[in-house]
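One structure is given below, encoded as structure tokens.
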Amino acid sequence: QSVLTFSGTEQPDATGLRLQQDSLRENAANKVTFNLTTASGATVTLSLASGEQGLAVSAEVQGGQLNADELKGLAGLANGFQSALTGLTQVPPRVQIGDLVKAAPALFTSLQHNASLDVGGDKQTFDLRLDEQSRSLALQGPSGRVQLDLDASSTRLGSSAQRQAAIDNYLSQFDAAQKRGKGDENLMRQFKDAFTQLNAADNGKKAVSDRISLIDTGSRALLSGLADFSASISQTPGQSNPLHPEESDRFSYRASQSTSLKGSGLNRSVQQDQQAELKAAYHKGLNPLVDMQLGMDRESQNYSYHEINDQSSSSTRLTYDKGRLVEASATQQASQSERVRTYVKGELTEDVTTPASARQSRNLLGVLDDVMRRERNAREQNCPAVTVHGHD
């Protein structure tokens, strides 16, 4: 269906109408598509296109028909679809995909939501893809880009509480990175919302039992409990100093997790690696009581230029021999580097680089033994006493 606008009083003929309809769909200022594949194999496609020429809407089902449960499930996603669009059109944009990522896996095997929107004269693009193997979200706007990719097929070894604790821990790390690198708060908020909502959803499938049957509850607590992922945020660089355009203000942050399982039978090992990287640069005025206003004159050139380069990584390893845990270790290392160049009336007065690094390795077998001993004692204390009565 199309609703078209005309500049004159006369409407074009059928050929003209078709050309205008095609032009509207191809050159629309706002485009939205929504694709859904049902468990029965049918594909539902909804599309919206709007601009100065009018509005076009289309909907079709291919490869089958929707049953009553699928129709009900599709109707239930309407609010999620609207919420996602509402979030994207806010200023600043927000990520609101919580209802979409919770689409019932028994009804829908894949979901794709794309949007290209004109928000206040700026282009905002959105690409969400969900299926049995992966979850991904790409968000691009004037302030920068957010990209998240989750391996939905990877085994989640933790409970819901453990996963939530891991999410909260990562959110604290993201906040610390934004504060240290002076990143854009709104873009970081989108990044955090996307990370939380993609990780909070459960794909509804049970973990493959033969992969985790060897890993006891205490050992699983050493892992994050999250699906493996790769996440990045990249801020659009800016030039706030016209006298030194090579000194760009920038912010980029990456975080990832990968889990590998090796061996077979009762002789297996699990290793989980986590990495993070921060690269940023920003200007800071020397007088905290006066707003920094850098110009072409040297009198305005009183500032410090900070460049940050940080990396961190951690690795947790569990090894089983004949079904018995023989190794539980964790290694963490981090390095930080900040270079600060100070200018007074355009003259470089100081150039200092401050490096820092740390490394730590821990044997966690003793910690696990203590945890498991306390759990056994707690269970024994909570068990009611049993009295056996004999009979002559």
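Just to confirm a number: summing +1 for Lys and Arg and -1 for Asp and Glu over residues other than Glu327 whose beta-carbon lies under 11 angstrom from that of Glu327, what do you get?
Residues close to Glu327 contribute a combined charge of +1.
Taking all protein chains as present, what is the carbon and sulfur share of the accessible area of the range 54-124, in % to the nearest whole number, probe 1.4 Å?
Ligands and nucleic acids excluded, carbon and sulfur give 52 percent.
Grab the other residues whose beta carbon is less than 14 angstrom from that of Ser83, score K and R as +1, D and E as -1, and report the net.
0
So what does the Cα-only Debye profile of the range 231-308 read at q = 0.12, 0.14, 0.23 Å⁻¹, as log10 I(q)/I(0), no solvent term?
Debye curve over Cα of the range 231-308, log10 I(q)/I(0) at q = 0.12, 0.14, 0.23 Å⁻¹: -0.53, -0.61, -1.03.
Amide H of Thr109 versus every other amide H placed in the peptide plane: which residues, excluding those fewer than 5 positions away on the same chain, fall under 5 Å?
Those qualifying (amide H under 5 Å, at least 5 residues apart or on another chain) are Thr37, Thr38, Ala39.
What residues from the range 219-250 fall in the zone where the backbone N is under 17 Å from a label point 7 Å along the Cα-to-C-beta line of Ala161?
Hits in the range 219-250 for Ala161 at 17 Å: 219-226.
Show which lysines lie in cross-link reach of Lys262 when reach means a straight Cα distance below 21 angstrom and same-chain residues fewer than eight apart are skipped.
Counting by Cα, and skipping residues close in sequence, Lys262 has these lysines nearby: Lys206, Lys322.
Distances over 21 Å make up what percent of all Cα-Cα pairs in the range 67-146?
Everything past 21 Å amounts to 31 percent.
Would you kindly derive the ³J(HN,Hα) couplings of the range 69-78 from the backbone phi angles with the Karplus curve 6.51 cos²θ - 1.76 cosθ + 1.60 (θ = phi - 60°), listing them in order in whole Hz, with x for Gly and Pro?
Result, ordered by residue: 5, 5, 5, 5, x, 5, 5, x, 7, 4 Hz.
Between Asp122 and Gln82, what length in nm is gained on full extension when 0.36 nm per residue of separation is reduced by their alpha carbon distance?
Extending this stretch completely gives an extra 12.4 nm.
By how many nm would the segment from Val367 to Gln239 grow when fully extended, if each residue of separation counts as 0.36 nm and the alpha-carbon distance is taken off?
Gain in length upon complete extension: 41.0 nm.
Tell me the label-point distance for the pair Gln90, Asn309, using the 7 Å Cα-to-Cβ offset, in nm and rounded to one decimal.
3.7
Let's test the formula: R0 of 45 Å, r as the Cβ-Cβ distance of Thr331 and Arg129. What FRET efficiency results, to the nearest 0.05?
Rounded to the nearest 0.05, the efficiency is 0.85.
Excluding residues fewer than 8 places away in the same chain, name every one of the lysines whose C-alpha is closer than 17 Å to that of Lys284.
Excluding near neighbours in sequence, the set is Lys179, Lys182, Lys345.
Using Cα positions and a limit of under 28 Å, work out the lysines in reach of Lys31, with same-chain residues fewer than 8 apart set aside.
The reachable lysines, counting only those whose Cα sits under 28 Å from Lys31, are Lys72, Lys102, Lys123, Lys192.
Report the net charge of residues surrounding Ser256, where surrounding means a beta-carbon distance below 11 angstrom and charges are Lys +1, Arg +1, Asp -1, Glu -1.
Taking every Cβ under 11 Å from that of Ser256, the sum is -4.
The values are calculated or read from the model by the stated rules, or taken from the named source; none is laboratory data. All figures in this text were calculated on a predicted structure; none of them were measured in a lab. Glycine also receives a Cβ, built like all others from the backbone with ideal geometry; neighbour counts cover every protein chain displayed. These accessible areas exclude ligands, DNA and RNA; they are computed on the full protein's heavy atoms, side chains included. Shrake-Rupley method; radii C 1.70, N 1.55, O 1.52, S 1.80 Å.
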